[in-house]
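Bear in mind these aren't lab numbers, they're just calculated from the coordinates by the rules spelled out. All of these numbers come straight from a predicted model, not from anything done at the bench. All Cβ positions, even for glycine, are placed from backbone atoms using ideal geometry, and neighbour counts span all protein chains on display.
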Amino acid sequence: MAVTKTIKSPDGARHSKVQVSEPMLKQAAYDNIVKLLNDGALRPGQLISQRELVELTGSTLGSVREAISRLEAEGLIQSLPKRGLMVPSLDIAFVRDAYQLRRILEVSAMEQAIKNIPKETIEGWIDYHLQFRDQISSKTPQELLDFMQQLDWDIHSAFIQAMGNKLIENVYRVTSTKIHMVVQSRLKVTISNAERIVGEHLAMLNPMNDGNAEEAKAALERHIDNSLTLALGGQLEL
């Protein structure tokens with residue numbers, strides 16, 4: 001089944017009608033809701049209705065309902081009897097489970113990441129971090145912090161993609177959305193934590209560049225464990 005949608009030009013002056021298949025509509029609704037979760041537009045513990053999701057995503061009600069079923073199965077949305085839908089709260093189990101699975105997947109991927117990610121890519125990541133470290137100050141612009149946050153996510157995703165395993169990538173995709181929800185609420189790159197994050201990344205990236213998988217794995221484990229400690233409200237040992 002196909003649905004006709006009206007598409008506006010960027011200036012709003014022209015309109016065109018296109019045929020969009022039902023599977024495409026379902027996937028678009030799902031992707032749009034996941035983006036709202038990743039970006040923090042939907043907050044942990046927030047109640048929301050199907051109609052509100054339709055408005056936020058510009059999707060059809062039918063496609064949103066289909067997306068909700070999938071999101072529920074993945075633990076990204078919860079249905080509450082007589083109350084509607086809720087974004088999962090960041091309770092201890094939610095945070096711990098997401099970070100533990102992330103740790104297992106990323107550490108397992110490290111050897112393939114060293115083997116398959118081009119050396120110039122790793123060197124580029126190192127250069128970005130060195131430049132960023134030199135620019136950290138009380139006046140660091142938010143745009144630069146946002147760039148480093150996105151780079152952080154892209155690097156960790158690249159480790160998983162280096163394995164070339166679609167099943168693992170799908171599991172990680174859901175897990176990373178849960179991690180992004182935690183980060184948006186508690187662990188975003190800020191002026192106060194930027195130096196620590198850069199240091200932890202360089203401790204991982206430098207041995208990757210040298211082909212030292214064991215040292216890179218150990219640094220990655222420390223980095224993820226530190227993030228979990230902070231996400232649960234703990235303090236790092238100096």
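Could you calculate the contour length gain from Lys82 to Glu123, that is, 0.36 nm times the residue separation minus the distance between their Cα atoms, to one decimal place in nm?
9.4 nm
Between Thr121, Thr175, Thr190, which gets the highest mean-square fluctuation from a Gaussian network model of the chain, Cα cutoff 10 Å?
Thr121
Restricting to lysine pairs 8 or more places apart or on different chains, what number in the stretch 92-231 have Cα atoms under 24 Å apart?
For the stretch 92-231, the number of qualifying lysine pairs is 10.
For the chain, calculate the relative contact order in percent as a whole number, restricting contacts to Cα pairs under 8 Å that are 6 or more residues apart.
So the answer I get is 21 percent.
To the nearest 10 degrees, how steep is helix 194-210 against the longest Cα principal axis of the chain, on a 0 to 90 scale?
Here the helix axis deviates by roughly 70 degrees.
Where in the stretch 125-168 is the amide nitrogen less than 17 Å from a point lying 7 Å along the Cα-to-Cβ axis of Ala213?
Inside the label zone: 159-165.
By its C-alpha gyration tensor, with a ≥ b ≥ c as the square roots of the eigenvalues, how is the stretch 65-197 shaped: rounded for a/c under 1.5, else prolate for a/b larger than b/c, else oblate?
oblate
From the backbone phi of the stretch 31-47, what are the Karplus-calculated ³J(HN,Hα) couplings (6.51 cos²θ - 1.76 cosθ + 1.60, θ = phi - 60°) in whole Hz, Gly and Pro given as x?
Per residue, the Karplus-derived 3J(HN,Hα) values read 4, 5, 5, 4, 4, 4, 5, 5, 7, x, 5, 9, 9, x, x, 6, 8 Hz.
What are the ³J(HN,Hα) values, in whole Hz, obtained from phi via the Karplus relation 6.51 cos²θ - 1.76 cosθ + 1.60 with θ = phi - 60°, for each residue of the stretch 63-71 in sequence order, with x given for Gly and Pro?
Per residue, the Karplus-derived 3J(HN,Hα) values read 5, 5, 4, 5, 5, 4, 4, 5, 5 Hz.
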